[in-house]
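I have placed the structure first, in the form of structure tokens, so that the comments after it can refer back to it.
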Amino acid sequence: MKYTDLAAHARGNIGPYCKACPVCDGRGCRNTVPGPGAKGSGTVAMRNYSAWQGVLLNMDTLHQYFEADSSCTVLGRELSLPVMIAPVGDVQRHYGEKYDTVGYNECVLRAAEKAGTLAWTGDGLDGRIMSESCDLISGLGGAGVVTVKPWDAKTLDEKLGQALAARPAAVAMDIDAAGLPFLKGQNPPAGAKDEGQIAEIAAACHEQGVPFVLKGVMTPSAAERAARAGADGVVVSNHGGRVLDGVPSTAETLPGIAQAVGGDLEVLVDGGIRSGVDVFRALALGANACLVCRPFVVAAFGGGEDGVVAYLEQLKAELTDTMEMCGAASIAAIDESALW
């Protein structure tokens with residue numbers, strides 16, 4: 001099944017906020033928070049999507065025949081393609097009743113493992129979201145990335161302990177979640193973290209031999225501070241436009257961040273990536289790999305575990321086709337020379 005088929009199957013099973021649009025470009029769900037939409041004007045999610053479409057590629061088929069290899073190493077793990085499934089913290093709140101967060105996490109974790117990549121699990125006010133996702137990842141031999149929000153010190157210590165006990169592929173913090181409207185004034189509280197606090201979290205992960213990734217980095221300066229604090233990777237992300245209106249797209253900020261820290265840590269990116277062509281664009285702009293969120297929720301609602309696998313296979317096929325049409329036999333061969 002193609003993504004358009006999965007979206008059609010999802011309609012009626014998802015919502016009311018998500019419309020399972022044939023193209024997930026942020027238009028149908030703008031201004032829906034809770035829900036999958038963007039904050040304020042609702043335009044940042046749309047900008048994320050459209051910015052990738054403006055990145056043009058150099059087609060070059062004057063080369064020796066090859067079958068493109070999409071495999072890569074990300075955070076020390078061998079993946080079949082440079083795409084991972086991004087985290088969702090509270091599936092029922094944002095997408096509908098068909099899946100609770102535990103059921104959704106199990107669906108995407110198993111599908112990602114089957115397809116040779118990783119899913120990231122989310123975090124939320126309900127403590128069971130973290131504990132049960134950690135149990136799932138532990139049962140899969142660590143095949144997943146646990147994401148924790150920037151809670152107060154006491155809550156963070158407890159959740160970080162749960163995450164590390166699962167022996168995941170990595171632990172991430174979506175530090176920009178401090179701006180999520182539905183976390184404002186809640187208990188436990190969430191808020192910004194300084195470089196010293198991030199260094200303590202990274203050190204705790206490294207003591208257990210687990211990489212640490214900081215998600216929600218949008219400037220070269222922030223990326224450099226993350227590197228100094230000991231992060232192993234950053235995710236260039238504006239949280240799908242859900243934490244601050246009026247910010248640039250991730251495609252616009254990625255090149256500067258990759259140039260600043262690409263030699264020191266792994267640079268991942270999310271935000272509006274919807275096709276294998278978009279994945280290729282992101283790699284050419286300096287990313288090591290991509291995260292994709294909203295379409296995988298639609299794929300799960302429309303086709304369950306098989307639907308998630310099908311969308312991963314579609315992304316892989318589109319990526320390898322683009323590689324062959326642009327003369328890049330391997331992921332390592334994709335660079336800025338592919339950009340027009």
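Some observations on this one:
- Working note: Debye formula, equal point scatterers on the alpha-carbon atoms of the range 18-134, no solvent; log10 I(q)/I(0) at q = 0.13, 0.15 Å⁻¹ is -0.72, -0.91.
- Carbon/sulfur fraction of accessible area - the chain, other protein chains in place, 1.4 Å, %: 50
- Taking only the Cα atoms of the range 52-190, the radius of gyration and Dmax are 17.8, 60 Å.
- Classification of the range 268-340 by its C-alpha gyration tensor yields a prolate form. The axis ratio a/c (a ≥ b ≥ c) is 1.5 or more, and a/b outweighs b/c.
- Stokes-Einstein D (µm²/s) once Rh is taken as the Kirkwood radius of the range 214-324 over alpha-carbon pairs, at 10 °C in 1.306 mPa s: 109
- Shape index of the range 69-139: Rg/Rh, with Rg the Cα radius of gyration and Rh the Kirkwood radius from the inverse mean 1/r over Cα pairs, equals 1.01.
- Loop-located trypsin sites (Lys or Arg not before Pro) in the range 1-102 (DSSP state not H, G, I, E or B) with no more than 14 neighbouring Cβ atoms inside 10 Å: LYS2.
- Pairs from LYS114/LYS193; LYS19/LYS114; LYS2/LYS159; LYS2/LYS114; LYS98/LYS154; LYS19/LYS39 whose Cα-Cα separation, in the structure shown, is over 26 Å: LYS114/LYS193; LYS19/LYS114; LYS2/LYS159; LYS98/LYS154
- Solvent-accessible area of CYS72 with every protein chain in place, 1.4 Å probe, in Å² to the nearest 10: 20
- Solvent exposure of the chain amounts to 39 Å² per residue of accessible area, where only protein heavy atoms count and the probe is 1.4 Å.
- Sequence of THR155, THR121 when ordered by accessible area, the most exposed leading, probe 1.4 angstrom: THR155, THR121
- Gyration tensor over alpha-carbon atoms, the range 29-72, equivalent ellipsoid semi-axes in Å: 37, 14, 6
- The per residue volume of the convex hull around the alpha-carbon atoms of the range 132-202 is 87 Å³.
- Cα centroid separation, the range 188-255 to the range 114-165 (Å): 17
- Value of D in µm² per second that Stokes-Einstein yields for the range 171-269, Kirkwood Rh from Cα pairs, at 20 °C (1.002 mPa s): 156
The values are calculated or read from the model by the stated rules, or taken from the named source; none is laboratory data. Keep in mind the model is a prediction, meaning the values are calculated, not measured. In this analysis, Cβ positions are derived from the backbone assuming ideal geometry, glycine residues included, and neighbour counts consider all displayed protein chains. Remember, those area values only see protein heavy atoms, side chains included, never the ligands or the DNA or RNA. Shrake-Rupley method; radii C 1.70, N 1.55, O 1.52, S 1.80 Å.
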